[in-house]
Amino acid sequence: MLARIKTALDQRSPAQVTALGLAIVGLLGIFDYLSGYEMSFSIFYLAPIVLVTWYTKKWTAYTLCMICALTWLLVDYASGHGYSHPLIPFWNAGVRLAFFLITAYLLSELKNHLRYEEKQARVDGLTQLFNARAFRELASKTLQAARRYRRPVVLGYIDLDNFKAVNDGAGHAEGDRVLQTVARTLNRCVRASDIAGRMGGDEFAVFMPETERAGTEITFQRIREELLRDMANHGWPVGFSIGVAVFPTAPTTIDQALKRADHLMYRVKQSGKNNIIYEEQSSED
């Protein structure tokens, strides 16, 4: 039940969630008034605050906190409850507002922290590209859509040649700089719709949806040229063995595509390294 509610809320826009929160506050105000001042509804006002804080921006949640405190104050006055001093209702409203604001702030910080941790779990810490797990997940989703509509996809697998020589000769810190440079170059060369990831060690992959053979060769040739230029500029003796699997129609799984691209990359290794092999693949093999 809760999972279905969360899924439904995830599909709503922030404006729709805010409208829902305001409607809940209105209903709470009505029930609060009808029940009289003897029954406290304080905890129930947290429900719309939590909802809006989690699914919208922080300042939207703060605004709702003020609306909740104001609603509570109006209900107090409408109920005809008397106080020993006319300022007491305003004091109570201020205390309630502070409580609501603190709750919204803490929940917002928790949300931001969780999102940061989620992002870090999907990103390679050294290169800031997607890690292998996130690459497979994202590419798999895109692949399924491409397969449904029988659209072409491309997967390129890149392995650094002589990378060990840099690590052994100049140290691991210099090797890290090589990997970071490769990642920056890939980000610079691929489209926003493409997915680039570090698969582990000195191996990278690029998944490109909606790409034909001609466009593939232009893109990967540019990637290789810029990578080699970057290596030469830094004096790193590193080359690139690249296998590019071109699928006129998408394969069944991303692992299938990775396996074929990886096989092509090893063919480059066996034939002298530092080159590219392109090959059209049958998605049904």
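The values are calculated or read from the model by the stated rules, or taken from the named source; none is laboratory data. As the structure is a computational prediction, the values presented were derived from the model and not from experiment. Reconstructed Cβ throughout: ideal geometry from the backbone, glycine too, with neighbour counts over all protein chains shown. Keep in mind that these areas ignore ligands, DNA and RNA; they rest on the heavy atoms of the full protein, side chains included. Shrake-Rupley method; radii C 1.70, N 1.55, O 1.52, S 1.80 Å.
Limited to the range 81-133, what total is found for residues that are touching a helix residue (DSSP H, G or I) at 6+ places or on another chain (Cβ under 6 Å) and of a type in the set (Gly, Ala, Ser)?
Residues flagged as touching a helix residue (DSSP H, G or I) at 6+ places or on another chain (Cβ under 6 Å) and of a type in the set (Gly, Ala, Ser) within the range 81-133 amount to 3.
Select from the range 18-47 the residues that are within 26 Å of the chain's Cα centre (by Cα) and either within 14 Å of Ile102 (Cα to Cα) or buried (at least 18 other Cβ atoms within 10 Å of the Cβ) (or both) and list them in ascending order.
Thr18, Gly21
Tally up the residues in the range 147-165 that are surrounded by fewer than 20 Cβ atoms within 10 Å (Cβ to Cβ), within 14 Å of Phe247 (Cα to Cα) and touching a Ser or Thr at 6+ places or on another chain (Cβ under 8 Å), please.
The total comes to 3.
Listed here are the residues, each with its yes/no results for (1) closer than 20 Å to Lys269 by Cα; (2) aliphatic (A, V, I, L, M).
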site: Arg151; (1), (2): no, no
site: Asp161; (1), (2): yes, no
site: Val166; (1), (2): yes, yes
site: Arg188; (1), (2): no, no
site: Asp194; (1), (2): no, no
site: Phe207; (1), (2): no, no
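For the range 132-195, which helices (runs of 4 or more DSSP H) that fit wholly inside it have 3 or more residues that are polar (S, T, N, Q)?
132-148, 172-189
List pairs: first residue in the range 101-114 and touching a residue at least 40 places away in the same chain (Cβ under 8 Å), second residue open to solvent by 70 Å² or more (accessible area, probe 1.4 Å) and in a helix (DSSP H, G or I) anywhere in the structure, Cβ distance under 9 angstrom, at least six positions apart or on different chains.
Leu107/Trp54; Ser108/Trp54; Lys111/Trp54
Return yes when Ala78 is open to solvent by 30 Å² or more (accessible area, probe 1.4 Å), at pLDDT below 90 and touching a helix residue (DSSP H, G or I) at 6+ places or on another chain (Cβ under 6 Å) and no when it is not.
Yes; evaluated as a whole, the condition is true for this residue.
Under the condition of being in a helix (DSSP H, G or I), within 29 Å of the chain's Cα centre (by Cα) and of a type in the set (A, V, I, L, M), which residue from the range 223-251 is surrounded by the most Cβ atoms within 10 Å (Cβ to Cβ)?
Ranking the qualifying residues of the range 223-251, first place goes to Ile223.
So if I check each of Thr142, Thr127, which one is under 22 Å from the mean Cα position of the chain (by Cα), crowded, with 16+ Cβ neighbours inside 10 Å, in contact (Cβ under 8 Å) with a residue 60 or more places away in the chain and within 26 Å of Asn275 (Cα to Cα)?
Of Thr142, Thr127, the one residue that is under 22 Å from the mean Cα position of the chain (by Cα), crowded, with 16+ Cβ neighbours inside 10 Å, in contact (Cβ under 8 Å) with a residue 60 or more places away in the chain and within 26 Å of Asn275 (Cα to Cα) is Thr127.
Which of the residues spanning the range 204-214 are assigned to a strand (DSSP E or B) and either under 17 Å from Thr253 (Cα atoms) or open to solvent by 40 Å² or more (accessible area, probe 1.4 Å) (or both)?
Within the range 204-214, Ala205, Val206, Phe207, Met208, Pro209 meet the criteria.
Considering Leu97, Leu64, Leu73, Leu51, which residue is over 35 Å from the mean Cα position of the chain (by Cα) and buried (at least 17 other Cβ atoms within 10 Å of the Cβ)?
Leu73
What about Ala98, is it without any contact (Cβ under 8 Å) to a residue 60 or more places away in the chain and more than 19 Å from Ala19 (Cα to Cα)?
Spelling it out, Ala98 is indeed without any contact (Cβ under 8 Å) to a residue 60 or more places away in the chain and more than 19 Å from Ala19 (Cα to Cα).
Can you tell me which of Tyr77, Tyr45, Tyr83, Tyr62 is not in a helix (DSSP H, G or I) and not hydrophobic (A, V, I, L, M, F, W, C)?
Sole residue among the options that is not in a helix (DSSP H, G or I) and not hydrophobic (A, V, I, L, M, F, W, C): Tyr83.
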